[in-house]
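Every read-out reported here was derived from the displayed coordinates using simple, explicitly stated rules and does not represent laboratory data. Please read these numbers as outputs of a predicted model, since none were measured by experiment. No Cβ is skipped: glycine too gets one built from the backbone with ideal geometry, and neighbour counts run over all protein chains shown.
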Amino acid sequence: MATGFYSHPDCLRHDNGQWHPECPARLQAIEDQLIASRIDSLIEREEAPLAEETDLARVHTQAHIDYIKSRTPEQGRSELDPDTSMCPESYRAALRAAGAAIAATDAVIEGRYDNAFCSVRPPGHHAEPARAMGFCLFNNVAIAARHALEVHGLQRVAIVDFDVHHGNGTEAAFSGDSRVLMCSFFQHPFYPFSGADNHASNMVNVPLPARTKGMQVREVVDMMWLPRLEEFKPQMIFVSAGFDAHREDDMANMGLVEDDYAWITAQIRAVARRHAQGRIVSCLEGGYNLSALGRSVVAHLRALAEI
């Protein structure tokens, strides 16, 4: 079996404006690096379907879903907050992003792929059940995790979030849910200024100072994430794969490089192999330096596919 790669042209049509770092060029940079690295032919491409409202409603309130639909402009852009906006194609792009995560979950659980990566936008991990924020409209990873639990009947899933920003939306969706273990590190204090004070037993949040480099992050993974994951024995692992902790990414101030993402991914894969039949679904979150993003995704994919 191979690694699935889910995306869709609709995800390129979500336009936040020329000034915005969360731009269509992010997905194009990933495509360029896939070709340059010569791994494009070693992954299996799939077109993301559209998520249904019932899929979104496993995480989000109906009021939130209706609000996002209502704010979709006929032309121009609609501002949801100073960071988050919508254009006429944004709602459909968001349905593709969530749909990719769901379809990848189905394919991996059914055994068609060992694991999968969703190259999609808008990202998702800041979207709370009743609020869009931080470039995110719907929480793709949370929706996929709930799908695995409630549609496929899994009893334990883990969510690993290595974006430089805390996944407040994912935490809001699952805090206190014993079926879900969330492991994350993030720069702190930093946007969205959350995560350091939640003591829910299923949250392994590790705030790190600016200028933290890869060796310190590897120690966090080894000492704090892996023992909890081993104890939890997840039946599937979901990854919020943000690459903005890279040292070349000026959206934040951490110091990871491609080898660190490959190492983290290899640790996740080893846990999945021991406890989850190898099942992993990873979804793109942040990463705004285009070159670093493309190279880091390739490193992540190489580790997922073991190539």
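Taking amide H positions as modeled 1.01 Å from N, with prolines and chain starts lacking one, the residues under 5 Å from PHE162 and 5 or more places away or on another chain are SER240, GLY242. For SER178 and ALA25, the difference between the fully extended length at 0.36 nm per residue and the C-alpha to C-alpha distance is 51.2 nm.
Within 10 Å, at most 15 other Cβ atoms, and a DSSP state outside H, G, I, E, B define an exposed site. Report the longest part of the chain free of exposed chymotrypsin sites (Phe, Trp or Tyr not before Pro). Don't skip to the answer; put the middle values down first.
Values: sites that count: TRP19, PHE193.
Counting at most 15 other Cβ atoms within 10 Å as exposed, the longest clean stretch of the chain is 20-192.
Largest GNM mean-square fluctuation among ASN253, ASN139, ASN198, using the chain with Cα springs under 10 Å: ASN198. Computed from point charges on the beta carbon alone (+1 for Lys and Arg, -1 for Asp and Glu), the dipole magnitude for the chain about its Cα centre is near 540 Debye.
Comparing THR212, THR54, THR84 in a Gaussian network model of the chain where C-alpha atoms under 10 Å apart are linked, the largest mean-square fluctuation is found at THR54.
Just tell me the longest site-free run in the chain, where the sites are trypsin sites (Lys or Arg not before Pro) in a DSSP loop having at most 11 other beta-carbon atoms within 10 Å. Could you put the intermediate results ahead of the total?
Numbers: sites that count: ARG38, ARG211.
Of all site-free stretches, the longest is 39-210.
The Cys residues in the chain with no partner Cys Cβ within less than 4.7 Å of their Cβ are CYS11, CYS23, CYS87, CYS136, CYS183.
Post the alpha-carbon centroid distance, segment 1-73 to segment 118-146, in whole angstrom. So the two Cα centres are separated by 11 Å. If you take all other residues with their beta carbon under 11 Å from the beta carbon of HIS14, and give Lys and Arg +1 and Asp and Glu -1, the sum is +2. Between LEU42 and LEU226, the modelled labels are 2.4 nm apart [label points 7 Å from Cα along Cα→Cβ].
Here is the P(r) of the chain: all C-alpha pair distances, binned every 10 Å from 0, give 7, 31, 40, 20, 2, 0 in whole percents. Label zone (GLU53, point 7 Å along Cα-to-C-beta; backbone nitrogen cut-off 19 Å) within segment 95-109: 95-99.
Fewest first, what order do HIS20, HIS246, HIS275 take by the number of other Cβ atoms within 10 Å? Provide the component values of the computation, followed by the final result.
On the way: HIS20 14, HIS246 28, HIS275 19.
Ordered from fewest to most neighbouring Cβ atoms within 10 Å, HIS20, HIS246, HIS275 come out as HIS20, HIS275, HIS246.
Once the other residues with Cβ under 15 Å from the Cβ of MET86 are scored (Lys, Arg +1; Asp, Glu -1), what is the net sum? Don't skip to the answer; put the middle values down first.
Working: positive: ARG13, LYS69, ARG71, ARG77, ARG92, ARG96, ARG121, ARG131; negative: ASP10, ASP15, GLU22, ASP66, GLU74, GLU79, ASP81, ASP83, GLU89.
Taking every other residue near MET86 into account, the sum is -1.
Backbone amide hydrogens, once placed in the peptide plane, bring SER85 within less than 5 Å of LEU80, excluding anything fewer than 5 places away on its chain.
If you run the Gaussian network model on the chain, springs between alpha carbon atoms under 10 Å, then out of LEU149, LEU293, LEU256 the most flexible one is LEU149.
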